[in-house]
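Notes for the one structure printed next.
The values are calculated or read from the model by the stated rules, or taken from the named source; none is laboratory data. Since the model is a prediction, treat every value here as computed from it, not as a measurement. Every residue, glycine as well, gets a Cβ built from its backbone with ideal geometry; the counts of neighbours run over all protein chains shown. Note: areas computed on protein heavy atoms with side chains; ligands, DNA, RNA excluded. Shrake-Rupley method; radii C 1.70, N 1.55, O 1.52, S 1.80 Å.
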Amino acid sequence: MDKQVLTEFYNQHKGEILGAAIGFVIAVVVLILGLLKALFVVLCVVFGFYVGKKLYQDKDYIKNLLDRILPPGTYR
């Protein structure tokens, strides 16, 4: 097949291809690890994504979070 034909096909069906790839990866992880371990991995990835996004947006996010949870100045 021509590279141009594959590129056009990918551009026309990008969402379907990426969705199928993500579904395949999830299925392989569940088969290898089992459902509960796979859910744990997914939760850790989501938590890491959330914290990373917050840290990128606000450099003092962890300090502010600790100030809300602990008495101010406890961790310093």
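Could you please let me know if Lys37 is of a type in the set (Lys, Arg) and surrounded by 12 or more Cβ atoms within 10 Å (Cβ to Cβ)? Lay out the reasoning, then the answer.
Working: of a type in the set (Lys, Arg): yes; surrounded by 12 or more Cβ atoms within 10 Å (Cβ to Cβ): yes.
Taking the combined requirement at face value, the residue satisfies it.
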Query raised in the report: Mind checking which pairs have a first residue in the stretch 28-54 that is aromatic (Phe, Trp, Tyr) and a second that is open to solvent by 70 Å² or more (accessible area, probe 1.4 Å), Cβ under 9 Å, 6 or more apart or different chains?
Result: Phe40/Leu33
Query raised in the report: Hey, Ile69 hits all of (1) aliphatic (A, V, I, L, M); (2) over 14 Å from the mean Cα position of the chain (by Cα); (3) open to solvent by less than 80 Å² (accessible area, probe 1.4 Å) but one; which does it fall short on?
Result: (3)
Query raised in the report: So how many residues does the stretch 39-58 have that are under 19 Å from Ile22 (Cβ atoms) and either more than 11 Å from the chain's Cα centre (by Cα) or not in a helix (DSSP H, G or I) (or both)?
Result: 2
Requested in this report: Identify, from the list Ile62, Ile22, Ile32, the residue that is assigned to a helix (DSSP H, G or I) and surrounded by 12 or more Cβ atoms within 10 Å (Cβ to Cβ).
Outcome: Ile62
